[in-house]
Ligand code: NAD
Ligand code: UDP
Ligand code: UDP
């Protein structure tokens, strides 16, 4: 049995990770400041004696003894990370320093949840890990993109300078149950709009692409990455190569929900990446043949069922 710290454990991805790690027989400490996370996502785990919940902000030092750390704390939706951009940078950078300082002191292995956003508006397609990215350092997305890029640099330098055992994964757009209905991300927005019969808000002409990964595929990739040999530190892309335009996503969701919603086009936000698709050759090679198993349509069916239930329960 390992003792594992999950920062951002009350968030969308973190809550799935806590559940999986407990099911695998580990002791889990879930740390969160509840900025975008919610207790409801992990409330069902509270009866488990091997689960502990800590309210803490990773921009402050934190002392604990664990074997492994998954560092997920950071808002991930553009609306949420742009709400307080300075805080987003502090969480990515000061949070990384604190968690790396912790890992160094206790000799724990630490995994960083980095992002496909480090590639910015990419001029290489699909994106592989060799590509350095094309990021606007002063744009509205820079608090997140540059924060995560600086965190990657911190991780690599703690590894080189202080022998900290690190793992870096670059996560591509992930969706699934336990997303928040109002988090502003495209999958949650479109499904909730479709279920409520409201206009579906496509930003720009809808020709921009994303590659959507179902959350269980991500969790499997994360856990396999943590288990790789110490000399493999990444970064490694974890995503589903199936690439769709936002117009295609809309028609899938309208089809699956039978919604009568109309499409409206709103202005495209600044620096919105035009295309995004992971090259997962490295992940397949290093993570024991890992690859996504849930196609978009199947994942959307599960996610729509979750939102239908949630909207009913909350009377929305
Ligand atoms: P989320 O917003 O649901 O979860 C983030 C969690 O971190 C929340 O519970 C939030 O309360 C917590 N948090 C934020 N700032 C904190 C702080 N200073 N101290 C302690 N806790 C803090 O987002 P998510 O989708 O679950 O993303 C999890 C991680 O994965 C993030 O680091 C994100 O950047 C990364 N990621 C996610 C995606 C995706 O598509 N979901 C894509 C790329 C990267
Ligand atoms: N830190 C922490 N928990 C620990 C050890 C360190 O939160 O168990 C934080 C502390 O704030 C420290 C930072 O991690 O400033 C970086 O630690 P490091 O040892 O790299 O450098 P220091 O700042 O101590 O010189
Ligand atoms: N998007 C959209 N309508 C929405 C929300 C998002 O058309 O209501 C678009 C957005 O402009 C982007 C894509 O969907 O091109 C994915 O947006 P999201 O915020 O989910 O993630 P990210 O841009 O970080 O990949």
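Laboratory data are not the source of any read-out in this text; all were calculated from the coordinates shown. Owing to the predicted nature of the structure, the values given are computational and were not obtained by experimental measurement. Please note: Cβ atoms are built from the backbone with ideal geometry, for glycine as well, and neighbour counts cover all protein chains shown.
Considering region 245-263 alone, what residues qualify as being outside any loop (DSSP other than H, G, I, E, B) and in contact with a strand residue (DSSP E or B) (Cβ under 6 Å, 6 or more places away or on another chain)?
245, 246, 250, 263
Of the conditions (1) assigned to a loop (DSSP other than H, G, I, E, B); (2) within 17 Å of residue 191 (Cβ to Cβ), residue 270 satisfies every one except a single condition; which number is it?
Just one mismatch for residue 270, condition (2).
I'm trying to understand the selection: among the residues of region 49-106, which are within 16 Å of ligand 3 (Cβ to nearest atom) and closer than 18 Å to residue 157 by Cβ?
Within region 49-106, 92 is the sole residue that qualifies.
Considering 221, 147, 176, which residue is surrounded by 20 or more Cβ atoms within 10 Å (Cβ to Cβ), within 16 Å of ligand 3 (Cβ to nearest atom) and on the phi < 0 side of the Ramachandran plot?
147
Considering only region 188-236, state which residues are more than 21 Å from residue 127 (Cα to Cα) and part of a loop (DSSP other than H, G, I, E, B).
197, 198, 199, 204, 205, 227, 228, 229, 230, 231
Pick out the one residue from 133, 147, 101 that is more than 16 Å from ligand 2 (Cβ to nearest atom) and closer than 19 Å to residue 61 by Cα.
Checking each option against the conditions leaves just 147.
Answer with yes or no whether residue 233 is touching a residue at least 60 places away in the same chain (Cβ under 8 Å), within 16 Å of ligand 2 (Cβ to nearest atom), under 15 Å from residue 286 (Cβ atoms) and surrounded by 19 or more Cβ atoms within 10 Å (Cβ to Cβ).
no
Show the residue pairs meeting these rules: Cβ distance below 7 Å; 6+ apart or different chains; first residue within region 158-187 and closer than 17 Å to residue 38 by Cα; second residue more than 11 Å from ligand 3 (Cβ to nearest atom) and part of a strand (DSSP E or B).
Here the result reads 175/214; 176/214, each pair linking region 158-187 to a residue that is more than 11 Å from ligand 3 (Cβ to nearest atom) and part of a strand (DSSP E or B).
Counting only residues that are in contact (Cβ under 8 Å) with a residue 24 or more places away in the chain and crowded, with 20+ Cβ neighbours inside 10 Å, give me the strands (runs of 3 or more DSSP E) lying completely in region 1-105 with at least 3 of them.
3-7, 27-32, 68-71
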